[in-house]
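Trainee: Handing you a structure now.
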Amino acid sequence: MKASVAGVDRTADVEKKATRKKQSVYDNVTRQFDKAADMVKLDQNIRKILSMTTNEIIVNFPVKMDDGRIEMFTGYRVQHNSALGPYKGGLRFHPAVEIDEVRALATWMTWKSAITNIPFGGAKGGIQLDPSKYSANELEHITRRFTFALGNNIGPEYDIPAPDVNTTAQIMAWILDTYLSTMPPHERQRCTHVVTGKPIESGGSLGRDKATGQGVMYTIEEWAKDNKFDLKGATYTVQGYGNVGSWAARLMKEHGSKMVAVEDVSGAIANADGIDPDELLEYAGKNNWLISGYPKAEPIDRKTLLQTEADIFIPAALENQITADTAGWLKVKLVAEGANGPTDPVGDRILQENGIHVIPDILCNAGGVIVSYFEWLQNKRSEFWELDEVDHKLHKKMVASYGRVRDAAKKFNTDWRTAAYIVALSHLERVYKERGIFP
Ligand code: NAD
């Protein structure tokens, strides 16, 4: 199928680029977008709009280190689209953060909000740094100075950050405090929804910490129902044991499923008899939040992790993990994408050829942004919802979103990633057609 925007054949361009250098994450988005847009015959004008980001903000800013030195940092905020509501998306602190990656992550956020029917647009941001190299005091100053540098490019009704890789509820609290401190005093109390994923005492929502893993679990439950698959006794492997991976792993345990291998940045471990996710997290808590050295499992290498036979694989770390080089190694029935962008288009094709079902990231990990929306609503209304209310509402939204994607996959006889894009693009197309383009 020909992929074109304004008459330009982008597929050939992307293929050429891919042979020259490592596949860029934004190229993956472009290819996924083009496939779905062609299939759904997306209006050419709307296609032009959605294939570009709206704003790309890059800030270089100085921070005083503990030893008195000044270090310069580069921070990003990319706002992809706000047709459905304020820009929304996480902030990532990682050495690999750069504009191409942030652009891709921002775009995926637009699709996620559209699939789940929440009134948000898409954005993402971050700082290029390795947080393990800085003291807590330095991280606080970096976070505060970044927030100050972003200024009015974020705001409770304009662009609302949240946690992502290496950013925590504590970091959200520092953003909140800095933002409020730079507002006129009479406006402060109505601005607590400038970030989500805050600590509970600072206006966070119950259930936000587990929301993404919980959403992953809800989609796996739906898949199991559809496929008459019993999760009790099922085996699974996990890549990434931070917020998303550790919550998904612990919630799988509640179904009686068994984690047989797991990896984080410190290495991978396996035990065919099962690794207890709660015990592993307790161990990691005493080991700088790393799993290496866990005594009740054997160390394995990264390739062995991906080759481990299991029913379900949950990638919950970074992008481009399931690629031309690695997709063929997987021996699972289902890939449930907790991470954003773990599978590139070639990886996708190999998984399909091997009969491996994929619950795509923009559906599978949408629980985080859904409960962020609930937090935002609670702040705006000065309400505080009980956990069962949050869980119930999240469940309803995840099941409905899953159903929309499943129906689109059937209707268009296509893979679930393309189906998820079709749901998102059709939603946005309707909105643009209703409103038209100003002036
Ligand atoms: P996190 O920082 O809490 O955890 C990241 C985990 O990945 C850590 O265990 C880290 O050791 C591991 N990791 C890092 N590099 C790795 C590598 N090269 N190989 C193996 N493991 C590696 O981050 P998180 O919030 O859990 O986010 C994980 C993924 O989920 C990201 O793709 C993020 O964009 C996505 N996501 C997060 C949320 C959220 O609410 N936090 C929501 C939606 C999607």
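Trainee: Add -39500 (n - 2.57) for each DSSP H run of 4 or more in the chain, then divide by its residues: what number comes out at 222 nm, to the nearest 500 deg cm²/dmol?
Mentor: -14000 deg cm²/dmol
Trainee: Also, quick follow-up: In square angstrom, what is the accessible area per residue of the range 75-191 with a 1.4 angstrom probe?
Mentor: 33
Trainee: If you don't mind, another one. Per residue of the range 314-327, what does 6.51 cos²θ - 1.76 cosθ + 1.60 with θ = phi - 60° give for ³J(HN,Hα)? Whole Hz please, x for Gly and Pro, Karplus curve as stated.
Mentor: Values, residue by residue: 10, x, 9, 10, 10, 7, 6, 9, 10, 10, 3, 6, 10, 4 Hz.
Trainee: Same structure, new question: Of the heavy-atom accessible surface of the chain (probe 1.4 angstrom), what whole percent is carbon and sulfur?
Mentor: Using a 1.4 Å probe with all protein chains present, the chain comes out at 52 percent carbon and sulfur.
Trainee: If you don't mind, there's one more thing I want to ask. Which whole number in µm²/s is D for the range 148-297 by Stokes-Einstein, with the Kirkwood Rh taken over Cα pairs at 37 °C and 0.692 mPa s?
Mentor: In µm²/s, the coefficient is 189.
Trainee: If you don't mind, another one. Could you give the size of the charge dipole of the range 265-314 about its Cα centre, using +1 on the Cβ of each K and R and -1 on the Cβ of each D and E, expressed in debye and rounded to the nearest 20?
Mentor: Dipole about the Cα centre, nearest 20: 300 debye.
Trainee: In nm, give the distance between the simple-model label positions of Ser292 and Lys232, each being 7 Å from the Cα along the Cα-to-Cβ direction.
Mentor: 4.0
Trainee: Now for a separate question. Multiply the residue gap between Asp100 and Ser135 by 0.36 nm, knock off their C-alpha separation, and tell me the result in nm, one decimal place.
Mentor: Roughly 9.8 nm would be gained on extension.
Trainee: Just His141, His392, His80 to compare: in a GNM of the chain, with alpha carbon springs under 10 Å, which one fluctuates most?
Mentor: His392
Trainee: May I pose another question? Rounded to the nearest 0.05, what FRET efficiency do Glu282 and Cys191 have when you use their Cβ-Cβ distance and R0 = 41 Å?
Mentor: 0.65
Trainee: Also, quick follow-up: Can you give me the distance in nm between label points at Glu309 and Lys396, each placed 7 Å from the Cα along the Cα-to-Cβ direction?
Mentor: 4.4
Trainee: Set the Förster radius R0 to 51 Å, insert the Cβ-Cβ distance between Glu201 and Lys48 as r into 1/(1 + (r/R0)^6), and round the FRET efficiency to 0.05.
Mentor: Calculated value: 0.65.
Trainee: At R0 = 45 Å, how high is the FRET efficiency between Gln170 and Asp301 if r is their beta carbon distance? Nearest 0.05 is fine.
Mentor: 0.85
Trainee: Quick one: pull the percentage of alpha-carbon pairs in the chain with a separation above 31 Å.
Mentor: Pairs farther apart than 31 Å: 38 percent.
Trainee: Among Lys225/Lys331; Lys258/Lys296; Lys112/Lys393, which pairs are too far apart, with a Cα-Cα distance over 19 Å?
Mentor: Lys225/Lys331
Trainee: Taking every DSSP beta bridge with both residues inside the chain, roughly what % is antiparallel (nearest 5)?
Mentor: Here the share of antiparallel DSSP bridges comes out near 50 percent.
Trainee: Here's something else I'd like to know. Once you place label points 7 Å from the Cα toward the Cβ at Thr182 and Leu377, how far apart are they in nm?
Mentor: 3.0
Trainee: A follow-up question, please. Sort 381-389, 107-115, 31-39, 288-296 by packing, meaning the average of other beta carbons within 10 Å per residue, with the highest value first.
Mentor: Top of the packing list down: 107-115, 31-39, 288-296, 381-389.
The values are calculated or read from the model by the stated rules, or taken from the named source; none is laboratory data. Nothing here was measured: the structure is a model prediction, and the numbers come from that model. Because the Cβ atoms are built from the backbone with ideal geometry, glycine has one as well, and the counts that use them run over all protein chains shown. Keep in mind that these areas ignore ligands, DNA and RNA; they rest on the heavy atoms of the full protein, side chains included. Shrake-Rupley method; radii C 1.70, N 1.55, O 1.52, S 1.80 Å.
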